[in-house]
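Before any comments, here is the structure.
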Amino acid sequence: MKLLIMGPPGAGKGTQAKILAEKFNLVHLSTGDILRKEIDKASKTGLKAQTYMNAGNLVPDEVLLEMMNSTLTELKNQGVILDGFPRTIPQAVGLSKIFQSLSQAIDGIINIEVDKDVLIKRLVERAKNSGRADDTEEVIINRQNVYSELTAPLIEFYQSDIINIDGDGSIEKVTERILKRIH
């Protein structure tokens, strides 16, 4: 099974991805994990990504796609859930090409939807509990806006295949909604 999970910051996609990975014996792949793995391996692509990160820049789509290609090729015979990738239309197009080259396809695209005000409240609360000084309401609102600008167009891109899930409520309730829709 190949799943993709999307949603704005604070929607709970990382939490749900971990739950689904465990339930269906999937490899949980987040962009951050893949970056760290490639950097730890000192692969050519990992070293390239590290130069961007060390300079405080975003890793370009083509570098992330090289890493994703390497990772998905390695995991070809295993189920995966992609968390935080793709984030842009060029990444989504590249991901489709990777799956085609592996003679595979995405089995489900889960989009967790939560009202913006609920997300902001959730993230402000999480910031208080985690003690992260950089998670101010202003920063949180900016991250929501960046998501809307860059990632939300993926909802339209995947329009015919997307499974929209109401992400408001308890973790268990959201998991239950997802399981009902993907079975």
Only one of (1) part of a loop (DSSP other than H, G, I, E, B); (2) in contact (Cβ under 8 Å) with a residue 24 or more places away in the chain does not apply to Arg126, and that is (1)
Tally of residues being assigned to a helix (DSSP H, G or I) and either in contact (Cβ under 8 Å) with a residue 60 or more places away in the chain or surrounded by 15 or more Cβ atoms within 10 Å (Cβ to Cβ) (or both) across segment 34-47
7
Somewhere in segment 35-46, is a residue within 19 Å of the chain's Cα centre (by Cα), under 20 Å from Pro8 (Cα atoms) and among the hydrophobic types (A, V, I, L, M, F, W, C)?
no
Reported set for segment 126-168 where residues are hydroxyl-bearing (Ser, Thr, Tyr) and surrounded by 14 or more Cβ atoms within 10 Å (Cβ to Cβ) is Tyr147, Thr151, Tyr158
Considering only residues that are touching a residue at least 60 places away in the same chain (Cβ under 8 Å) and among the basic types (Lys, Arg), which ones fall in segment 3-22?
Lys13
If Leu95 passes every condition in (1) surrounded by 20 or more Cβ atoms within 10 Å (Cβ to Cβ); (2) hydrophobic (A, V, I, L, M, F, W, C); (3) under 11 Å from Ile34 (Cβ atoms) but one, which one does it miss?
(3)
Residue hits (segment 50-92; on the phi > 0 side of the Ramachandran plot and either buried (at least 20 other Cβ atoms within 10 Å of the Cβ) or in contact with a Ser or Thr (Cβ under 8 Å, 6 or more places away or on another chain) (or both)) are Gly84
So which residues in segment 19-32 are over 11 Å from the mean Cα position of the chain (by Cα), surrounded by 15 or more Cβ atoms within 10 Å (Cβ to Cβ) and in a helix (DSSP H, G or I), if there are any at all?
Ile19, Leu20, Ala21
Among the residues of segment 133-152, are any part of a helix (DSSP H, G or I), farther than 30 Å from Glu62 by Cβ and among the charged types (D, E, K, R)?
yes
Scan of segment 71-87 for residues that are in a loop (DSSP other than H, G, I, E, B) and under 11 Å from the mean Cα position of the chain (by Cα), ordered by number
Gly84, Phe85, Pro86, Arg87
Which condition breaks for Leu75 when tested against (1) without any contact (Cβ under 8 Å) to a residue 12 or more places away in the chain; (2) within 27 Å of Ser103 (Cα to Cα)?
(1)
Ile171: surrounded by 14 or more Cβ atoms within 10 Å (Cβ to Cβ) and among the β-branched types (Val, Ile, Thr), yes or no?
no
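The numbers here are math on the coordinates, done by the rules we state, and not lab data. Here the structure is a predicted model, which is why all the values come from computation and not from measurement. Neighbour counts are summed over all protein chains in view; Cβ atoms, including those assigned to glycine, are modelled from backbone coordinates with ideal geometry.
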